[in-house]
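Notes for the one structure printed next.
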Amino acid sequence: MTGEEIRRGELLSRINNVLVQGGLAGQSMASLAKAVGVSRGKLYVYFANRKEVVGAVVDQYRELAADQMATPSAPWTVEALPQWLLAAVLVLASCSPVLLADMTRAYPDERQRVADAQHQFEERFAAYLNEGVANGTFHTIDIPLFLAMIQASVAGLNHPERIGRAGAKPVIKHLVRILTLVLLDEAAAKRLLTQERTQRAVTALAGELTLRYQH
């Protein structure tokens, strides 16, 4: 990756943070440039107009969702559960209802691309959950309802005032514990959540979300 590509990616990440938190309403190229701390000229070096900006944000989101689908699922193992839960938190927290609503009105094709990426991720995750239910490891659950529960729970993770001064880690730890207890009994959940690699993964994701959204 060239230096120019790295700079474009960093700029796009800052734009994404602005749009996830505030949506598209009222955002012109000039206001976006101001919000991310660059000149309008610099923004136009990388993007010809707002539609190109939105398309690039969606491209970045689809890449993120595709990366998270690489979570191991074969051979099936219960130890992959925290990774799947954290992947779901990252994918769903990296967009927002306000941005999706604005895209539906202004850029429906881009909104559909986001929906397609989310659907593909959810299908993979649902397959993992279904196998756990089928082999008797997980409790029997309504999987679409479980996925909706995760989506509702992560809605505040991209708002700095909801993360709080302590950052995202306490929120994510609590959320992952609750979700794990939906699927496993308390003893099995405790064994899984106290594993060192699970704790490292929680810390890493919390750091990423805090860095992205706590200003």
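Scan the range 105-120 and tell me whether some residue there is at pLDDT 95 or above, within 19 Å of the chain's Cα centre (by Cα) and β-branched (Val, Ile, Thr).
Scanning the range 105-120 turns up at least one residue that is at pLDDT 95 or above, within 19 Å of the chain's Cα centre (by Cα) and β-branched (Val, Ile, Thr).
How many residues does the range 38-57 contain that are over 17 Å from GLU10 (Cβ atoms), in contact (Cβ under 8 Å) with a residue 24 or more places away in the chain and either surrounded by 14 or more Cβ atoms within 10 Å (Cβ to Cβ) or among the aliphatic types (A, V, I, L, M) (or both)?
3
Would you confirm whether any residue within the range 41-62 is out of contact with any Pro (no Cβ under 9 Å at 6 or more places or on another chain), under 30 Å from ALA188 (Cβ atoms) and not in a helix (DSSP H, G or I)?
no
Quick one: which residue in ALA35, ALA93 is closer than 22 Å to GLU208 by Cα, modelled with pLDDT of 90 or more and crowded, with 16+ Cβ neighbours inside 10 Å?
Answer to the check: ALA35.
Quick check on my filter: what residues within the range 101-110 are surrounded by fewer than 16 Cβ atoms within 10 Å (Cβ to Cβ) and of a type outside the set (Gly, Ala, Ser)?
Hits for the range 101-110 are THR104, ARG105, PRO108, ASP109.
Looking only at residues in the range 151-210 that are modelled with pLDDT of 90 or more and assigned to a loop (DSSP other than H, G, I, E, B), which one is farthest from the chain's Cα centre (by Cα)?
ASP185
Select the helices (runs of 4 or more DSSP H) contained entirely in the range 64-136, then report the ones holding at least 3 residues which are closer than 16 Å to LEU19 by Cβ and of a type in the set (D, E, K, R).
Helices (runs of 4 or more DSSP H) meeting the threshold: 108-134.
The values are calculated or read from the model by the stated rules, or taken from the named source; none is laboratory data. Computed from a prediction, not measured in an experiment: that's the story for all the values here. Positions of Cβ are backbone-derived with ideal geometry, glycine not excepted, and every protein chain shown enters the neighbour counts.
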